[in-house]
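Novice: Mind having a look at this structure? Questions to follow.
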Amino acid sequence: MLRFPGGLYRGSMELRPPDPPLSDRIVSLRPWTLDDVPAIAAACDDVEIARWIHALPSPYRVSDAREYVVSTESAWKDGLGVFFAVVDCASGDVAGSIALHVLDRELANVEVGYWTAAPARGRGLTTRALRLLSDWALREAGAQRVQLRADVLNTASLRVAEKAGYTREGTLRASGFNARQGRRVDYAVFSLVAGDAT
């Protein structure tokens, strides 16, 4: 337990698979499995995803997807984060990905990241997934702050954050580098905190 001026901080964050799984009947969130490797490979070998997620290999191969699934399983077990397939409930297809990464366990701060597969774009599925995961993180998992960063040029991602109820806090100027585009990246920073959840 941490001691801060004025009292004790009693943060207790537990990032484990939610039971029951998260769903609003339009989208559901479930852990990735090796059966998802073809869907991940197809979705991530997309110029729009590569444009905004600078760390992804391009071209993105089946072996990259397999390695990703295995790494998510390890991160779950180690409590470093939670990684979900966003599934379109109507079709059963993988519509995207959403994950929480631990930034500061003692202060219960996490960061969320996501991508949307091309066929699912423009349908509000990622916004729904972000609301579901953020609500779970703040109400059930014990997170106190969920942070979101997006390239200031990625207007679709900025809209998702705003529609999901996140507050834009500012800009981290030149805080990243996109090697593919050869440019420094400014990130918009958003947050949702425990007191914001309704």
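Novice: Report the residue count in the stretch 49-65 for those that are exposed (fewer than 15 other Cβ atoms within 10 Å of the Cβ) and among the charged types (D, E, K, R).
Specialist: Here is the first cut: in the stretch 49-65, the ones exposed (fewer than 15 other Cβ atoms within 10 Å of the Cβ) are 55, 57, 59, 61-63.
Next, from what is left, pick out any that are among the charged types (D, E, K, R): 61.
Qualifying residue count, the stretch 49-65: 1.
Novice: Same structure, new question: Looking at the stretch 118-130, I want the residues that are small (Gly, Ala, Ser) and have a partner that is at pLDDT 95 or above and assigned to a loop (DSSP other than H, G, I, E, B) with Cβ atoms under 8 Å, at least 6 apart or on another chain. Which pairs are those?
Specialist: Hits for this filter: Ala120/Asp93.
Novice: Of all residues in the stretch 157-182, which are under 18 Å from Ala99 (Cβ atoms) and hydrophobic (A, V, I, L, M, F, W, C)? Walk me through how you get there before you give the answer.
Specialist: The first filter runs over the stretch 157-182 and keeps only residues under 18 Å from Ala99 (Cβ atoms), leaving 157, 160-161, 164, 166, 176.
The answer is Val160, Ala161, Ala164.
Novice: A follow-up question, please. Considering Val82, Val102, which residue is in contact with a helix residue (DSSP H, G or I) (Cβ under 8 Å, 6 or more places away or on another chain) and among the β-branched types (Val, Ile, Thr)?
Specialist: Every option except Val82 fails the conditions.
Novice: Got a sec? Which of Arg66, Arg128 is under 15 Å from Ser23 (Cβ atoms) and outside any strand (DSSP E or B)?
Specialist: Arg128
Novice: If you take the residues of the stretch 131-177 that are in a loop (DSSP other than H, G, I, E, B), without any contact (Cβ under 8 Å) to a residue 60 or more places away in the chain and surrounded by fewer than 19 Cβ atoms within 10 Å (Cβ to Cβ), which of them is nearest to the chain's Cα centre (by Cα)?
Specialist: Result: Gly165.
Novice: So which of Ser97, Ser71 is small (Gly, Ala, Ser), in a helix (DSSP H, G or I) and either out of contact with any strand residue (DSSP E or B) (no Cβ under 8 Å at 6 or more places or on another chain) or under 23 Å from Gln181 (Cβ atoms) (or both)?
Specialist: Ser71
Yes or no, residue by residue, for (1) among the aliphatic types (A, V, I, L, M); (2) under 21 Å from Ala156 (Cα atoms):
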{"site": "Leu56", "(1), (2)": "yes, yes"}
{"site": "Val62", "(1), (2)": "yes, no"}
{"site": "Glu67", "(1), (2)": "no, no"}
{"site": "Ser74", "(1), (2)": "no, no"}
{"site": "Gly79", "(1), (2)": "no, no"}
{"site": "Phe84", "(1), (2)": "no, yes"}
{"site": "Asp88", "(1), (2)": "no, yes"}
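Novice: Could you list, in sequence order, all residues of the stretch 71-103 that are among the aliphatic types (A, V, I, L, M), within 11 Å of Ser28 (Cα to Cα) and more than 13 Å from the chain's Cα centre (by Cα)?
Specialist: Val87, Ala90, Val94, Ala95
The values are calculated or read from the model by the stated rules, or taken from the named source; none is laboratory data. Predicted model, so just to flag it, every value in this text is computed and none were measured. Cβ sites come from the backbone with ideal geometry, for glycine too, and all protein chains shown count toward neighbours.
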